[in-house]
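To start, the structure itself, in structure tokens.
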Amino acid sequence: MKPVIVVHGGAGRIFKDREEGARSGVTTAALKGYSILKQGGSALDAVEEAVTSMEDDPHFNAGCGSVLNEKGEVEMDAIIMDGKNLASGAVSAVKCIANPIKLAHLVMEKTEHMLLTDHGAKLFAKAMGVPEIPGEKLITERSRERWSKNLEPDSNPQEFKKDPGTVGAVAIDNEGNVACATSTGGLSNKLVGRVGDSACIGSGGYADNHVGATSTTGHGESMMKVVLARLILYHMEQGMSPAEAADTALNYMKTRVGGLGGVIVVSNSGDWAARFSTKQMSWATVKDDQLQYGIYTGEIHTSSVCNSGDEEKWTVQQDKDLSLHGAQ
């Protein structure tokens, strides 16, 4: 099986001055994950590496760059899932952790549970030797400005839902195993303790070698109502392609509960899709040593990638022009 990775940096409204950072962030994440796959690494390790990269990038609402709750604090959710045995680990409402996706992986590997939250997750992180960092280190000036603006009497709560809210990755490795990972800071100015779809198996992500893997992004409560990630794989089980399944599920969520969002999907045969019902979603994929990425509907830039001489680093070939093609 030829390896494939697809990543997203969140569906929603991406302001013009942040588009280049979003494109750069998702392509970097995809290349880091692909590097692991090309060395014979697992899909699980590849999606974790890709999501970690985006958690460390302040352009995204995950890890450093997470939005703030009503009290001006960062609370984060994350999930990771292995399609080989349906093992999964998740954390919710965690604070003072640089990379929630790594903690979610530890929950999967080191406990008999699937989800740890808040104080319990903090105790577990300490027991595992995960460094605790000051909460302030996760807060960007942009997140603080958004939080402050949303506190103003004339602010519109519906506007909170339009900004990108999640990062995620799906992959298939040389062995044919699939995996997914999703991480988020949630909704800006959310209630303390609010947990969205990202930590919930079947809503924020799902992976099953019998079908494929998906990671979702958008309005969490809507995705939880329709169990979006698992719904997509159900449609694939009925014979739909990844793109058809994604569009069908997103359309159902929009018509049934009025929710908008985006998804990335990879099938167990290596076909993939990146689809969204919002205005924008930053995404990138690498397959057959070819990088593709975009933000707007119908926007797909394509470039070849190569090994830079360092086995662990794959880069874009600068001597090949980017081209624009039709929508995936």
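The values are calculated or read from the model by the stated rules, or taken from the named source; none is laboratory data. Treat the numbers as computed from the prediction; the structure is a model and nothing was measured. We place every Cβ from the backbone using ideal geometry, glycine too, and count neighbours over all the protein chains shown. Side chains included, ligands, DNA and RNA excluded: accessible areas come from the protein's heavy atoms. Shrake-Rupley method; radii C 1.70, N 1.55, O 1.52, S 1.80 Å.
Listed by number, the DSSP H helices of the chain that run 24 Å or longer by alpha-carbon position along their axis and have mean Kyte hydropathy of at least -1.0 are 16-38. Of all the options 17, 118, 57, the one that moves most in a Gaussian network model of the chain with Cα springs shorter than 10 angstrom is 17.
If R0 is 35 Å, what FRET efficiency do you get for residue 70 and residue 299 from their C-beta distance, rounded to 0.05?
Details: r = 35 Å, r/R0 = 1.01.
The value I calculate is 0.50.
Neighbours of residue 242 by Cβ distance under 15 Å: Lys/Arg scored +1, Asp/Glu scored -1, total -2.
Per-residue ellipticity at 222 nm computed for the chain from its helices equals -9500 deg cm²/dmol, with DSSP H segments shorter than 4 residues left out and the rest contributing -39,500 (n - 2.57). Residues 15, 276, sorted by accessible area with the largest first, give 15, 276 [1.4 Å probe; ligands and nucleic acids excluded]. Distance between the 7 Å Cα→Cβ label points at residue 112 and residue 254: 4.6 nm.
Amide hydrogen proximity for residue 87: with H placed 1.01 Å from N in the peptide plane, the residues at 5 or more positions away or on another chain lying under 5 Å are 82. The 3J(HN,Hα) values that the Karplus relation (6.51, -1.76, 1.60; θ = phi - 60°) gives for segment 265-278 are, in residue order, 9, 9, 8, 6, 9, x, 6, 9, 7, 9, 10, 7, 9, 7 Hz. Gly and Pro appear as x. Annotation for segment 259-292: trypsin sites (Lys or Arg not before Pro) lying in DSSP loop with at most 15 further Cβ atoms inside 10 Å of their Cβ are 279. A 1.4 Å probe over all protein chains sorts 144, 194 by accessible area into 144, 194, starting with the largest.
Cross-link pairs exceeding 25 Å between alpha carbons, from the set 71/137; 126/225; 225/279; 137/313; 71/149; 149/254: 126/225; 137/313; 149/254.
Determine the per residue accessible area of the chain with all protein chains present and a 1.4 angstrom probe, expressed in square angstrom.
Details: 13640 Å² over 328 residues.
Dividing the accessible area of the chain by its residue count gives 42 Å².
Along the axis of the charge dipole computed for the chain (Cβ charges of +1 for Lys and Arg, -1 for Asp and Glu, origin at the Cα centre), the listed residues 205, 35, 50 are led at the positive end by 205.
Projecting label points 7 angstrom from Cα along Cα→Cβ for residue 221 and residue 137 puts them 3.4 nm apart. In this label model, residue 269 and residue 144 are separated by 5.2 nm, measuring between points 7 Å along each Cα→Cβ vector.
Taking the Cα centre of segment 12-82 as origin and charging only Cβ (+1 Lys, Arg; -1 Asp, Glu), how large is the dipole, in debye to the nearest 20? Don't jump to the answer; show the numbers that get you there.
On the way: 7 positive and 14 negative charges, 75 e Å.
Charge dipole, segment 12-82, about its Cα centre: 360 debye, nearest 20.
Between residue 2 and residue 152, the C-beta separation translates, for a Förster distance of 56 Å, into a calculated FRET efficiency of about 0.65. Each Lys and Arg Cβ is given +1 and each Asp and Glu Cβ -1; about its Cα centre, the chain then shows a dipole of about 720 debye.
Rolling a 1.4 angstrom probe over the chain with all protein chains present gives an accessible area of which 49% lies on carbon and sulfur atoms.
Relative contact order for segment 1-154 using alpha-carbon pairs under 8 Å, separation at least 6, rounded to a whole percent? Write down the numbers at each step before the final one.
On the way: 246 pairs, mean separation 28.4, N = 154.
18 percent.
Each Lys or Arg adds one and each Asp or Glu subtracts one; over the other residues with Cβ under 14 Å from the Cβ of residue 228, this totals +2. All Cα-Cα separations within segment 55-195 were binned at 10 Å from zero, giving a P(r) of 13, 41, 31, 13, 2, 0, each value a whole percent of the pairs.
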